[in-house]
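A short write-up of the structure that comes next.
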Amino acid sequence: MSPVRVMIVEDSLVVRELLRYIVSRDPRLELVAAVASGEEALSAIAGARPDVISMDIRLPGIDGLETTRRIMAERPTPIVVIADAVEDSSLHISMNALRAGALSVVEKPVATTHAGYESVAGEICTQLRIMAQVPVIRRRPIGSEWSGRVALATPPSPPVAAFGQSPSVLGIAASTGGPPALAKVIGGLPADFALPVLLVQHMGAAFMEGFAAWLDSVVALPVALARDGQRAEPGRVYVAPGDRHLELGSNLVMRVNESAPVSGQRPAATVLFRSLARQAGAAGIGVLLTGMGEDGAVGLADMHAAGAQTVAEHESTAVVYGMPAAAVRLGAARAVLPLDRVAGHVMRLAMPGTVP
């Protein structure tokens, strides 16, 4: 198998050389270009023909966000954002780059003598290899970005079944492609939404606080990291902290813990959904969005068996049709819907009579 062709876009010479060293150590990766600006990246991409791009966000001239937008509009290529996890402004721009079409965010490497270097370097190489395999499409402004994809015809909206129990809690999970998908779904819910929302997003632990702050800035509902022992209140979104499972306990009290990863994930969507099946039963709503792998499918099946309303994202809009596809194969989803129809369906379930 040919190695993955990598382009590095990074304005710091020190970091650029460190990334060059990290990529060169992995025989499954081949460095085809290393440039210092967005302008250079846009000029070099046609000749370099990278399979994946490592993208810095804080660039001189055209920044990484605008460079990402132009690449995804003109020459779609998988992009992995390399960001400083402790800089709020950098994180905010990084989240917007995901919305513009980048696939994931990983932590910027530090000196080879730093204690966390090997872990960060390994994660960068893993993300570059994995994301190079993701098919990407030309991106347009949010809301119309899927119009160019050829896929199965999307289904009609399913009828909302009456299970005799009013919903009490909404659980949502996503992985690759999740931040913009979550912004669209949660952004489609009103400020007076009647249920608490518990959320799992697969992302590096260093980025979770920044992700929650970014999501809070783009949706009407208040968003924050969940705390152990905190009661989930209606109209609020609670994000699983980095490297911690999030579960629903009795009386809507949340539990955040360090129990073993499930299917290699912590937080795991299946852990959240299984807790909703136990505690909420038919009064739960579970939504599984875009993501690589199969996390969440078994948990959504448990919710389905408990009588809950369950939703999986349709293939036509999923950036990676892995997690929702696994749920569909298990028969775990009562509704399979494209992204722009998920919020409306959830509203009909949670607040009947408020949506035509």
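Readers should treat all values here as calculations from the given coordinates under stated rules, not as data from a laboratory. Because the structure is predicted, anything quoted here is derived from the model rather than measured. Cβ: placed from backbone, ideal geometry, glycine included. Neighbour counts: every protein chain shown.
Please list, in order along the stretch 246-253, the HN-Hα scalar couplings obtained from phi with the Karplus expression 6.51 cos²θ - 1.76 cosθ + 1.60 (θ = phi - 60°), rounded to whole Hz, x for Gly and Pro.
Using θ = phi - 60°, the values come out as 10, 10, 9, x, 5, 6, 6, 8 Hz.
Cα-based Rg of the stretch 246-356 per 2.2 N^0.38 Å, rounded to two decimals?
Working: Rg = 13.7 Å, N = 111, 2.2 N^0.38 = 13.2 Å.
So the Cα radius of gyration is 1.04 times the expected 2.2 N^0.38 Å.
Which semi-axis lengths, in whole Å and largest first, follow from the square roots of five times the eigenvalues of the Cα gyration tensor of the stretch 40-95?
Working: eigenvalues 86, 24, 18 Å².
Rounded to whole Å, the semi-axes are 21, 11, 9.
Mean 1/r over all different Cα pairs, inverted: what Kirkwood radius does the stretch 4-131 give, in Å?
So the Kirkwood estimate lands at 14.2 Å.
Three principal axis extents, largest first, for the C-alpha atoms of the stretch 195-250, in Å?
Principal axes ranked by extent give 29, 25, 14 Å for the Cα atoms.
Can you report the principal axis dimensions of the stretch 221-278 using only the alpha carbons, biggest first, rounded to whole angstrom?
Per principal axis, max minus min of the Cα coordinates gives 31, 23, 17 Å.
Given Cα pairs under 8 Å that are at least 6 residues apart, what percent is the relative contact order of the stretch 16-94?
Details: 81 pairs, mean separation 20.2, N = 79.
That works out to 26 percent.
How many nm is it between the label spots at SER89 and ILE137, if each spot is 7 Å from the Cα in line with the beta carbon?
3.5
Please list, ordered by chain and number, the residues whose modelled amide H lies under 5 Å from the amide H of VAL52; skip anything fewer than 5 residues away on the same chain.
ARG5, MET7
With a 10 Å Cβ neighbour count serving as the proxy for reagent exposure, in which order, fewest first, do MET254, MET303, MET351, MET55 appear?
With the sparsest Cβ surroundings first, the list reads MET351, MET254, MET55, MET303.
Per-residue counts of other Cβ atoms within 10 Å, averaged by peptide: what ranking do you get for 191-201, 102-112, highest first?
On the way: 191-201: 22.1, 102-112: 20.5.
Per-residue Cβ counts within 10 Å, averaged per peptide and sorted highest first, yield 191-201, 102-112.
How do 318-331, 37-50 rank on mean C-beta neighbours within 10 Å, highest first? Could the numbers behind the result be given before it?
Values: 318-331: 21.9, 37-50: 17.7.
Packing proxy ranking, top to bottom: 318-331, 37-50.
Just one of (1) 20.6; (2) 21.6; (3) 27.7 is Kirkwood radius over Cα pairs in Å calculated from these coordinates, so which is it?
Among (1) 20.6; (2) 21.6; (3) 27.7, the one calculated here is (1).
Report ³J(HN,Hα) in whole Hz for each residue of the stretch 120-127, in order, from the Karplus equation J = 6.51 cos²θ - 1.76 cosθ + 1.60 where θ = phi - 60°; Gly and Pro get x.
Couplings: 5, 4, x, 5, 4, 5, 4, 5 Hz.
In what sequence, highest mean first, do 56-64, 272-280 appear when ranked by Cβ atoms within 10 angstrom? Could the numbers behind the result be given before it?
Values: 56-64: 20.1, 272-280: 24.7.
Listed from highest to lowest mean packing, they are 272-280, 56-64.
Pairs of Cα atoms under 8 Å, at least six residues apart: use those to get the relative contact order of the chain, whole percent.
Values: 822 pairs, mean separation 45.7, N = 356.
Relative contact order, the chain: 13 percent.
Evaluate Rg over Rh across the stretch 169-350, taking Cα atoms for both radii and Kirkwood's formula for Rh. Walk me through the numbers on the way to the answer.
On the way: Rg = 14.0 Å, Rh = 15.4 Å.
For the stretch 169-350, the value is 0.91.
Using the Karplus curve 6.51 cos²θ - 1.76 cosθ + 1.60 with θ = phi - 60°, work out ³J(HN,Hα) for each residue of the stretch 67-72 in order, rounded to whole Hz, and write x for Gly and Pro.
4, 4, 4, 5, 4, 6
From a point 7 Å beyond the Cα of ARG231 in the direction of its Cβ, which residues of the stretch 246-287 have a backbone N at a distance under 20 Å?
The answer is 247-256, 276, 279-281, 283-284, whose backbone nitrogens lie closer than 20 Å to the label point.
Nearest 5 is fine: what % of DSSP beta bridges in the chain come out antiparallel, could you say?
Details: 6 of 48 bridges.
Beta bridges within the chain, antiparallel portion: roughly 10 percent.
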